[in-house]
Amino acid sequence: MTDPVLQAYNHNHERSYPIKYNNANSSVPIIADTHTNNYSNPKGQIFFTVGTGGARCYDFLTKESYMVTPHAGSGFLNIDVIDNGQIFNATFYSNYDSIKDQFSITKTKNGSTSPDIDEIP
């Protein structure tokens, strides 16, 4: 499984589908999985931006096809890493107690795209 990528410079919340680099057109990544909330051994990176604290949030002018969910408002991301890192649960809450985004990634050894650290010779 590839690892999620957390970034926070933009003042909003946004999450991608699992995506892969597109050699033919780098500005249009390849969507590896179109599920919106639950991923099992995803074959692409999941990028999410959580820049929703402090400064005024930026509005979205468009929504890219490879993005699942945008939110232009204050809030925070809660992440639970469970079962020795095999389950990753994330929930984004607005500052007003409503859930704006929620997803999970489950990694299994037999479905992993890379070996676990203890399996590397």
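Whose amide H sits under 5 Å from the amide H of residue 22, counting only residues 5 or more places off or on another chain, with H placed in the peptide plane?
Amide H neighbours of residue 22: 30.
Under 5 Å between amide hydrogens, which residues at least 5 positions from residue 102 or on another chain qualify, with H placed 1.01 Å from N in the peptide plane?
92
For segment 8-17, in order, what is each residue's ³J(HN,Hα) by Karplus, 6.51 cos²θ - 1.76 cosθ + 1.60 with θ = phi - 60°, in whole Hz (x at glycine and Pro)?
Here the 3J(HN,Hα) series is 8, 6, 5, 8, 5, 10, 7, 9, 8, 5 Hz.
Each residue of segment 98-105 in order: what ³J(HN,Hα) in whole Hz does its phi give by Karplus 6.51 cos²θ - 1.76 cosθ + 1.60, θ = phi - 60°, with x for Gly and Pro?
Karplus-based 3J(HN,Hα) across segment 98-105 equals 9, 7, 9, 7, 7, 7, 9, 10 Hz.
Residue by residue through segment 82-97, what is 3J(HN,Hα) from phi via Karplus (6.51 cos²θ - 1.76 cosθ + 1.60, θ = phi - 60°)? Round to whole Hz and write x for glycine and proline.
Computed from phi, the couplings for segment 82-97 are 10, 6, 6, x, 7, 10, 10, 10, 10, 9, 9, 10, 6, 5, 10, 6 Hz.
Name the long-range amide H neighbours of residue 40: under 5 Å, sequence gap of 5 or more, or other chain; modelled H, no Pro or chain starts.
106
Output the antiparallel fraction of DSSP beta bridges having both residues in the chain, as a percent to the nearest 5.
80 percent
Quick one: dipole size for the chain, taken about the Cα centre, charges +1 on Lys/Arg Cβ and -1 on Asp/Glu Cβ, in debye to the nearest 20. Spell out each step's value before the answer.
Values: 8 positive and 12 negative charges, 64 e Å.
Value, rounded to 20: 300 debye.
Cross-link candidates for residue 107: which lysines have Cα within less than 19 Å, leaving aside residues fewer than 8 places away along the same chain?
Qualifying lysines at Cα under 19 Å: 20, 43.
If I take every Cα pair under 8 Å that is 6 or more residues apart in segment 5-111, average their sequence separation and divide by the length, what percent do I get for the relative contact order?
On the way: 239 pairs, mean separation 30.6, N = 107.
Contact order relative to length: 29 percent.
Bear in mind that the values in this text are calculations on the coordinates, not laboratory data. Please read all numbers here as calculations on a predicted model, not as lab measurements. Note that we place each Cβ from the backbone using ideal geometry, even for glycine, and neighbour counts take in every protein chain shown.
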